[in-house]
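Q: One structure, pasted below without further comment.
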Amino acid sequence: MVVSKKSFWGVGGGLLALTGMLLSGLESTQLAIANPLNNQPAPRLIAQKISPLTIVFSSRSDSTDLQNKANNVAAFLSKEIGIPVKAQVGDETAAVEALRANRADVAFLSSRPALKAEQLANSRLYLAEVRKNYSGRYTYNSIFVVPNNSQLKSKNSPKATLEKLRGKTIAFTSPTSGSGFIFPVGELVKQGFVPNRDRLENFFGKVSYGGNYSKALDAVIRGQADVAVVSEYALFPPYLAAENRDKVRILHKISGVPAHGIAIDDDVPVVMREKLINALLKLNKLENNQLLSGLYNSTELVRIDHNRHLQPVREALKNAGME
């Protein structure tokens, strides 16, 4: 007999599912319940243990000692919502797969994996992260970065500025990066310079991929690329050393990149979901905020509308031919 996750959730923090037969593979304890008609003990029934809520904390390059920090957050949330909360750490691909396979209920995800989680697991973003170095509070800029002494200058329009990149060497972050590939390529298509992501070599003299923000920026600093595309927060440590900040400057910005957020699976009932969201929002309080900032350097969580928040990346993917 298969029992879904919904069998274990309850309005008040967990449901003790009582049944007259033993469900194989599930830990259980037995209860004796009085028969109200004759005050005699009823047949011995089985109460299943409450299934823990599992949260995947996605690994990021700027996060350290993440498992211990995630465990601390999980302990806080468990106390707030009244059921066990288990913290797992993994990359975003593993997080989406865990949601799809019902091995996780919640995951911290960036925008494109969040779309994949919606497609595969019907999970949705309910909260987004705020950082001090996000220009849009819970959105940020994708930026084209050049050496400080570059002859490339910003013009009075995106089209005029980006036209100057024709024939230049560019270092993208990676083919899966939102701010380091999807948004800039979408902008190049929008301005009419390339038809899609597969024709970048027809516009640039050379295309390379750093693999992460730091390596893409290093390519510019070392003279290996004329321009790199990264997130605006990549101009700060740990991605860019403080002594290298004055060696680069921003040539062009693309606003509206959705911040990372927290996706919740549709198997989590509405009442439990709201209880969890309210518990997560308590991390914004001064006495709890260190738990939040310790994870990914975010300062606040805010409620967002899933579709509205992710619409910019949907459009960028469509423009880039990456739907």
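The values are calculated or read from the model by the stated rules, or taken from the named source; none is laboratory data. Since the structure is predicted, the reported quantities are computational estimates derived from the model, not experimental observations. We place every Cβ from the backbone using ideal geometry, glycine too, and count neighbours over all the protein chains shown. Side chains included, ligands, DNA and RNA excluded: accessible areas come from the protein's heavy atoms. Shrake-Rupley method; radii C 1.70, N 1.55, O 1.52, S 1.80 Å.
Q: Could you grab me the full set of residues in region 54-75 that are in contact with a strand residue (DSSP E or B) (Cβ under 7 Å, 6 or more places away or on another chain), over 16 Å from SER298 (Cβ atoms) and among the small types (Gly, Ala, Ser)?
A: ALA74
Q: Sticking with this structure for a sec: Picking from VAL189, VAL207, VAL185, which residue would you name as being assigned to a helix (DSSP H, G or I) and open to solvent by 10 Å² or more (accessible area, probe 1.4 Å)? Before the answer, list the steps.
A: Values: VAL207 fails: assigned to a helix (DSSP H, G or I); VAL185 fails: open to solvent by 10 Å² or more (accessible area, probe 1.4 Å).
Selected residue: VAL189, the only one of VAL189, VAL207, VAL185 that is assigned to a helix (DSSP H, G or I) and open to solvent by 10 Å² or more (accessible area, probe 1.4 Å).
Q: Within region 104-122, how many residues are in contact with a strand residue (DSSP E or B) (Cβ under 7 Å, 6 or more places away or on another chain) and open to solvent by 60 Å² or more (accessible area, probe 1.4 Å)? Please lay out each step first, then the result.
A: Taking region 104-122 first, the residues in contact with a strand residue (DSSP E or B) (Cβ under 7 Å, 6 or more places away or on another chain) are 104-109, 111, 114, 117-118.
Okay, now just the ones that are also open to solvent by 60 Å² or more (accessible area, probe 1.4 Å), so none.
Final tally of qualifying residues: 0.
Q: Just to be sure I understand, how many residues within region 278-290 are aliphatic (A, V, I, L, M), assigned to a helix (DSSP H, G or I) and open to solvent by 10 Å² or more (accessible area, probe 1.4 Å)? Write out each step before concluding.
A: Kept after step one, since they are aliphatic (A, V, I, L, M), are these residues of region 278-290: 279-281, 283, 286.
Pick out the ones that are also assigned to a helix (DSSP H, G or I) and you get 279-281, 283.
Among the residues that remain, those that are also open to solvent by 10 Å² or more (accessible area, probe 1.4 Å) are: 281.
The total comes to 1.
Q: For residues that are among the aromatic types (Phe, Trp, Tyr) and part of a loop (DSSP other than H, G, I, E, B), scanning just region 112-159, find the one that is nearest to HIS252 (Cα to Cα).
A: My answer is TYR134.
Q: Out of everything in region 42-80 that is touching a Phe, Trp or Tyr at 6+ places or on another chain (Cβ under 9 Å) and hydroxyl-bearing (Ser, Thr, Tyr), what residue ends up being modelled with the highest pLDDT?
A: Result: SER58.
Q: Determine whether region 297-309 contains at least one residue that is surrounded by fewer than 18 Cβ atoms within 10 Å (Cβ to Cβ) and under 30 Å from PRO147 (Cα atoms).
A: Yes, region 297-309 contains at least one residue that is surrounded by fewer than 18 Cβ atoms within 10 Å (Cβ to Cβ) and under 30 Å from PRO147 (Cα atoms).
Q: Sticking with this one: Out of all the residues in region 224-241, is one or more more than 20 Å from SER59 (Cβ to Cβ), open to solvent by 50 Å² or more (accessible area, probe 1.4 Å) and out of contact with any Phe, Trp or Tyr (no Cβ under 8 Å at 6 or more places or on another chain)? Before the answer, list the steps.
A: To start, the set of residues in region 224-241 that are more than 20 Å from SER59 (Cβ to Cβ) comprises 224-229, 232, 235, 240-241.
Right, trim to open to solvent by 50 Å² or more (accessible area, probe 1.4 Å) and you get 224, 226.
Keeping just the survivors that are out of contact with any Phe, Trp or Tyr (no Cβ under 8 Å at 6 or more places or on another chain) gives 224, 226.
Checked region 224-241: at least one residue is more than 20 Å from SER59 (Cβ to Cβ), open to solvent by 50 Å² or more (accessible area, probe 1.4 Å) and out of contact with any Phe, Trp or Tyr (no Cβ under 8 Å at 6 or more places or on another chain).
Q: What do you reckon, is SER293 of a type in the set (Ser, Thr, Tyr), free of Cβ contacts under 8 Å to residues at least 40 places away in the same chain, assigned by the TED database to the domain that holds LYS164 and open to solvent by 10 Å² or more (accessible area, probe 1.4 Å)?
A: Working: of a type in the set (Ser, Thr, Tyr): yes; free of Cβ contacts under 8 Å to residues at least 40 places away in the same chain: yes; assigned by the TED database to the domain that holds LYS164: no; open to solvent by 10 Å² or more (accessible area, probe 1.4 Å): yes.
Against the criterion (of a type in the set (Ser, Thr, Tyr), free of Cβ contacts under 8 Å to residues at least 40 places away in the same chain, assigned by the TED database to the domain that holds LYS164 and open to solvent by 10 Å² or more (accessible area, probe 1.4 Å)), SER293 does not qualify.
Q: Can ARG245 be described as without any contact (Cβ under 8 Å) to a residue 24 or more places away in the chain, in contact with a helix residue (DSSP H, G or I) (Cβ under 7 Å, 6 or more places away or on another chain) and in a helix (DSSP H, G or I)?
A: Numbers: without any contact (Cβ under 8 Å) to a residue 24 or more places away in the chain: yes; in contact with a helix residue (DSSP H, G or I) (Cβ under 7 Å, 6 or more places away or on another chain): yes; in a helix (DSSP H, G or I): yes.
Yes: the conditions hold for ARG245.
Q: Something else: Scan region 193-204 residue by residue and report those that are part of a loop (DSSP other than H, G, I, E, B) and open to solvent by 60 Å² or more (accessible area, probe 1.4 Å). Walk me through how you get there before you give the answer.
A: Filtering region 193-204 down to residues part of a loop (DSSP other than H, G, I, E, B) leaves 193-196, 203-204.
Scanning region 193-204 gives a single hit, PRO195.
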